[in-house]
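Peer 1: This is the structure I have questions about; it appears just below.
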Amino acid sequence: MSASVELVALEGVTCGYGSEAVLVDVDVAVAKREFVGIVGPSGAGKTTVLRVIAGSMPPAHGRVRRRAGLRVAYVPQIETINWSFPVTVQECVLMARVSSRRLPWASRVERVAVSEVLARLGIEELRERHIRELSGGQQQRVFIARALLGEPELLLMDEPTSGVDVRLRHEVLHLLDDLNARGLAIVLMTHDLNGIATHLPRLVCLNRRVIATGSPAEVLSPEVLERTYGASMQVLEHGGMPVVVDTFEHRHEHLPGVPEGSAA
Amino acid sequence: MIDGLLAPFEFEFFRNGLAVATLAGGLCGLIGVYVVLKGMSYIGHGLSHAIFGGFAASALLGVNFLLGAGAWGVASALMINAVTRRRVIGSDAAIGVITTASFALGLALFAFFGGAGANFDAALFGSILGVGTEDVVAIAAVSLLAGTLIFLRYRALLFTTFDPEVADASGVNTARMDALLMLVLAGSILATMQVLGVTLIAAALVIPATVARMLTNSFSRMLWMAATIGVVCGFVGMNLSYHLDVQSGPTIVLVAATMFAAVFMVTGATGRRRTAALARRGVAPAWAD
């Protein structure tokens with residue numbers, strides 16, 4: 001990584017909302033063509049890291065070094081999208097060209113660019129469809145298409161597989177892997193340790209602070225996971241890959257008013 | 001029959017009123033698209049009441065109504081925008097607090113210093129009797145300005161309305177876009193208050209946009225459809241107002257409501273599904289994680 005070209009680096013970044021610090025003294029660097037996953041529990045500051053990388057949230061302390069002219073695109077969680085908003089696939093994707101043209105309608109060059117990016121993602125025939133009339137995988141592709149239309153060097157993704165089934169998770173992961181192989185640097189945040197995180201080349205374990213960073217084999221250890229999630233986990237190995245298992249201890253506590261042995 | 005329909009066009013006040021109502025309908029229809037999609041339907045109602053406070057203050061201080069009420073409306077709009085953007089309280093609460101306080105102040109000023117009468121009723125319910133050429137020019141200017149701003153900032157306004165967090169991360173100055181929209185909205189309400197009255201402006205903002213949403217899934221089509229529906233409602237409502245001898249504001253709103261009911265029935269389940277989630281707008285931003 002030291003020999004690679006750095007796109008963005010957070011150095012000792014502390015920031016938050018109001019007086020509460022969400023990130024404390026965070027160091028994260030992303031190099032060209034890297035594929036980094038940020039994992040951590042809810043409230044760990046994963047989205048805030050993306051926001052700082054994107055430049056839409058300034059740090060209270062520390063600094064952010066960003067390569068001059070770096071093009072960053074952000075793909076939100078599809079669960080946060082207002083699916084009733086009246087936009088067709090083409091209108092949605094064209095939002096990426098917000099600054100390139102004053103006129104409301106798309107130029108011929110823009111229409112060609114939209115067609116190309118939609119064709120690349122296999123959804124060109126859906127361009128006139130409303131965004132709600134698509135399957136989960138197609139919806140995810142629309143927002144990736146919007147990001148790609150801006151020709152980014154760094155793609156930020158917020159929980160790309162949140163609330164999706166196994167088939168769609170594989171579909172999204174293969175798509176991102178393909179984009180990364182073509183040279184796009186990707187940073188995604190996920191809570192899905194086995195489905196996503198273990199398949200990525202590099203992970204950052206975050207819980208307000210960076211707990212560990214490295215390959216899945218290096219960082220997915222019971223000790224790091226307990227420090228990150230505050231819960232006991234075991235790490236097994238399957239086919240050369242780590243598999244994280246919750247260590248759920250059954251505690252038989254007597255509930256007030258419920259007789260012992262009864263099904264409460 | 002044709003003679004009867006054309007009879008009111010002999011009167012200058014009617015021609016002026018018709019021009020203002022038609023332009024007001026189109027203007028409110030256009031701005032209403034953003035208002036409805038941002039889940040701020042209540043703002044038309046609230047802001048028109050807030051401007052009423054300025055109207056009362058202007059009447060008592062003897063300053064120009066457009067300047068006094070306009071400044072009051074813009075200040076209220078910017079306050080709502082500032083409070084809403086802090087995300088501590090929702091837009092509905094911000095609108096409720098600021099605009100009802102302003103309205104109450106207007107009522108108190110009238111109660112203390114008098115002044116209730118023709119102007120008071122006209123401000124509340126709209127009247128075409130006082131519409132002069134200067135009102136036609138004013139609303140034409142506001143319509144032209146609003147249309148130009150929306151045309152030139154179409155992409156940024158769409159992005160900000162649909163996906164403010166990503167728009168912000170993509171370099172769009174969403175705070176400026178929200179403020180711009182609020183200023184246009186305040187100007188539009190101010191310009192249309194004479195015809196529609198403060199109590200009915202909300203309907204002129206919300207109904208055409210809602211009808212258009214039932215008819216299309218495309219944002220660009222929704223914009224021109226809502227403006228066209230507003231124009232039709234203004235024109236038809238104003239003519240009916242004369243022939244039925246009912247105030248202009250209620251008649252225009254009733255025409256719009258009839259159109260809503262007709263489209264609601266014709267589009268059936270499809271239209272209802274499109275508009276059902278408008279009320280559920282306000283998806284929680286994920287940034288707070």
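Peer 1: If we count other beta carbons within 10 Å of each Cβ, what is the order of B:Trp224, B:Trp72, fewest first?
Peer 2: Details: B:Trp224 15, B:Trp72 24.
Ordered from fewest to most neighbouring Cβ atoms within 10 Å, B:Trp224, B:Trp72 come out as B:Trp224, B:Trp72.
Peer 1: Next up: When chain A is modelled as a GNM with alpha-carbon springs shorter than 10 Å, which of A:Leu200, A:Leu236, A:Leu149 fluctuates the most?
Peer 2: A:Leu236
Peer 1: Take the eigenvalues of the Cα gyration tensor for chain A, scale each by 5, and report the square roots as semi-axes in whole Å, largest first.
Peer 2: Square roots of five times the eigenvalues give 35, 24, 19 Å.
Peer 1: Now, a different point. In degrees, nearest 10, range 0 to 90: what is the angle between the Cα axis of helix A:136-149 and the longest Cα principal axis of chain A?
Peer 2: Approximately 50 degrees, to the nearest ten.
Peer 1: Now for a separate question. Which values of log₁₀ I(q)/I(0), to two decimal places, follow from the Debye formula for the stretch A:1-127 at q = 0.18 Å⁻¹ with a uniform point scatterer at every Cα?
Peer 2: -1.10
Peer 1: Moving to a separate point now. May I ask for the net charge around A:Ile123, where only other residues with Cβ less than 11 Å from the Cβ of A:Ile123 are counted and Lys, Arg are +1 while Asp, Glu are -1?
Peer 2: So the surrounding residues net to +2.
Peer 1: Tell me, what are the semi-axes, in whole angstrom and largest first, of the equivalent ellipsoid of the stretch A:111-189 as set by the roots of 5 times the Cα gyration tensor eigenvalues?
Peer 2: 18, 17, 10
Peer 1: OK, next. Given a 10 angstrom Cα cut-off, can you work out which residue in A:Ser107, A:Ser215, A:Ser19 is the most mobile in a GNM of chain A?
Peer 2: The residue with the greatest mean-square fluctuation here is A:Ser19.
Peer 1: Taking amide H positions as placed 1.01 Å from N in the peptide plane, with prolines and chain starts having none, which residues 5 or more places from A:Thr88, or on another chain, fall under 5 Å of its amide H?
Peer 2: Answer set, sorted by chain and number: B:Phe219.
Peer 1: Return one number: the angle in degrees, 0 to 90 and rounded to the nearest 10, between the long axis of the Cα atoms of helix A:108-120 and the longest principal axis of the Cα atoms of chain A.
Peer 2: The answer is roughly 40 degrees.
Peer 1: Express in nm, to one decimal, how much length is gained between A:Val245 and A:Ala60 on full extension, taking 0.36 nm for each residue of separation and deducting their alpha carbon distance.
Peer 2: Full-extension gain reported as 62.9 nm.
Peer 1: Taking the inverse of the average 1/r across all pairs of different Cα atoms in the protein assembly as shown, what Kirkwood radius in Å do you get? Can you show the working numbers first?
Peer 2: Details: mean 1/r = 0.0381 Å⁻¹.
Kirkwood radius, the protein assembly as shown: 26.2 Å.
Peer 1: How big is the gap, in Å, between the Cα center of the stretch A:155-179 and the Cα center of the stretch B:8-66?
Peer 2: The distance from the Cα centre of the stretch A:155-179 to that of the stretch B:8-66 comes to 48 Å.
Peer 1: So, one more: So what is the orientation-averaged projected area of the stretch B:16-91, using the convex hull of its C-alpha atoms, in nm²?
Peer 2: 5.9
Peer 1: Can you give the local net charge around B:Leu183? Use residues other than it whose beta-carbon is closer than 13 angstrom to its beta-carbon, Lys and Arg +1, Asp and Glu -1.
Peer 2: Working: positive: B:Arg153, B:Arg176; negative: B:Asp178.
Here the count lands on +1.
Peer 1: Let's test the formula: R0 of 22 Å, r as the Cβ-Cβ distance of B:Ala175 and B:Ala93. What FRET efficiency results, to the nearest 0.05?
Peer 2: Values: r = 20 Å, r/R0 = 0.89.
Here the calculated transfer efficiency is 0.65.
Peer 1: Please compute the net charge surrounding A:Gly214, taking Lys and Arg as +1 and Asp and Glu as -1 over other residues with Cβ under 15 Å from its Cβ.
Peer 2: My count for the surroundings of A:Gly214 gives -2.
Bear in mind that the values in this text are calculations on the coordinates, not laboratory data. Remember, predicted model here, so these are calculated numbers, not experimental data. Positions of Cβ are backbone-derived with ideal geometry, glycine not excepted, and every protein chain shown enters the neighbour counts.
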